[in-house]
Amino acid sequence: MVDDLQLARSVSEAVLAIGGVHSLGTGRYAEAATYGAGEKVSGVVVNPREVRVHIVVSYPLVEPIPALAERIRQQVASRTEGRPTTVVVEDLVEVEQGENL
Amino acid sequence: MRIFNRIVIILLLAGLFVLGVLAVLYSVGVAGYRLAELPLDTFSQNLIRAVRNIETGNLHVLDVGGLVIIALLGLVLLVFELKPPAPRRVRMQQGTYITRRAVENEAIEAVEQSPEVLQSSVNVKAQRKPGAKVNVKASIRPGEDVGSTRSRVQDRVQRRLSQVGVPISNLKVRLVESDPRETRTRVR
C-alpha cells in the first residue's frame, strides 16, 4: 500500500500527461493539496474516501469536459487503490494552437 | 441565509451578555445600580396579564397580530435553516465539477463576443442536480434592438457552455441600455 503523498504524486504525473489538461489547480478557498513531511503535492487531494483532482483545462477544448474527466478517471484508476476519483475543473486557459497537443 | 442566521444568533448572544452584565451589576449593587429600583413588578404583572389573556382567549387584535408575526418569522427562519446550502461548484456529471468562476468567465467571454454588448456581468448559481442557473446582465447602447440582441446573447452563451459541457438549467439575460461613456467598452 502506497502512502497518500506517493499516490498523489503518481496521480499528478498521470493527469498532467493527458492532452487537454493545462495544469493542476490549487483550489480557491482552501488549498487543494496533499501534504507530507516537508512536502506537498498541489492539485491532488487524497483522503480515505476519494481522490480529488483539480485541473485547469486548455481552451480550445480537445474534447468536452465530461469526456476529459472520464479519461482522467480511467488513467488514474489503477493508482487510486479503488477510491473514486472526483474531477474539479477550476479554470479554462486559452492556449495557442499546437500548444495543446 | 446562514449569514443572516449567524447575525441573529450573534445579536441574541450579545443581548444575553449585556443582560448578564446588568444582572450582575444590579445584584451586587455597584455604581448606583440597585435591584430594588428595577421595575420588575410592573413587568411581571403585565406578563401575567398577557399570559392570562392568551389562556382565556381574550386577546387584543394587536396581540394576535404580534403572535402571528412571531410564529411566521420563526417558521421562515426554520425553513431557511433546514434548507441545505447551495453547492459551491457546478456539477457536470457524477464526480465531475466545475467552479462557478470558470463558468462565469466562459459566459462573460461568450456574451462579450456580441458587438452590441458594451459590458456584462454574470452570476452563476450551482444546483444540487447537474447544471447551473446563469444570470447575465449586459449593457447595450440606447436604441439597439433589445429582442434580437437578447436572443443572440442567449444563443452564444448556450452554445459556449454546451461546448464546454456545462448543463444549464436556467439562463436569464437582462439587457440594460447604458451610455457608452459610462461603460468599459465604448466602440466595438
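None of the figures in this text is laboratory data; all of them are computed from the coordinates on show. Not measured: the values here are computed from a predicted model. Cβ atoms come from the backbone with ideal geometry, glycine included; neighbour counts cover every protein chain shown.
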Residue exposure sequence - B:LEU118, B:LEU38, B:LEU175 - by fewest surrounding Cβ within 10 Å: B:LEU38, B:LEU175, B:LEU118
Relative contact order (%) - criterion: Cα under 8 Å, at least six apart; region: the stretch B:89-182: 31
Residue order, fewest to most beta carbons within 10 Å, for A:HIS54, B:HIS60, A:HIS22: B:HIS60, A:HIS22, A:HIS54
Residues B:LEU25, B:LEU62, sorted so that the one with the fewest Cβ neighbours within 10 Å comes first: B:LEU62, B:LEU25
Extended-chain gain in nm, criterion 0.36 nm per residue less alpha-carbon gap, B:ARG174 and B:ASP155: 5.5 nm
Evaluated over the stretch A:3-101, the Cα radius of gyration and Dmax, each in Å: 13.0, 40
Spatial separation of Cα centroids for the stretch B:113-161 and the stretch A:1-26, in angstrom: 36
Equivalent-ellipsoid semi-axes of the stretch B:27-94, from the Cα gyration tensor, Å, largest first: 43, 25, 8
Cα-based Rg / Dmax (Å) for chain B: 28.0, 77
Relative contact order [Cα under 8 Å, 6+ residues apart], chain B, whole percent: 17
At 0.890 mPa s and 25 °C, Stokes diffusion of the protein assembly as shown via Kirkwood alpha-carbon radius, µm² per second: 101
Percentage relative contact order, chain A, counting C-alpha pairs under 8 Å, at least six apart: 31
The stretch B:89-182 - share of DSSP beta bridges that are antiparallel (%, nearest 5): 60
Across A:LYS40/B:LYS133; B:LYS129/B:LYS172; A:LYS40/B:LYS83, pairs whose alpha-carbon gap is larger than 28 Å: A:LYS40/B:LYS133; A:LYS40/B:LYS83
Residues with amide H under 5 Å from that of A:ALA33, placed H, sequence gap 5 or more: A:GLY43
Distant-in-sequence amide H partners of B:THR96 (H built 1.01 Å from N, under 5 Å): A:VAL87
Fraction of beta bridges assigned by DSSP in the protein assembly as shown that are antiparallel (%, nearest 5): 50
Cα-only radius of gyration and Dmax that characterise the stretch B:89-182, units Å: 13.6, 46
Two-decimal Rg to Rh for the stretch A:30-72 - Kirkwood Rh, Cα set: 1.08
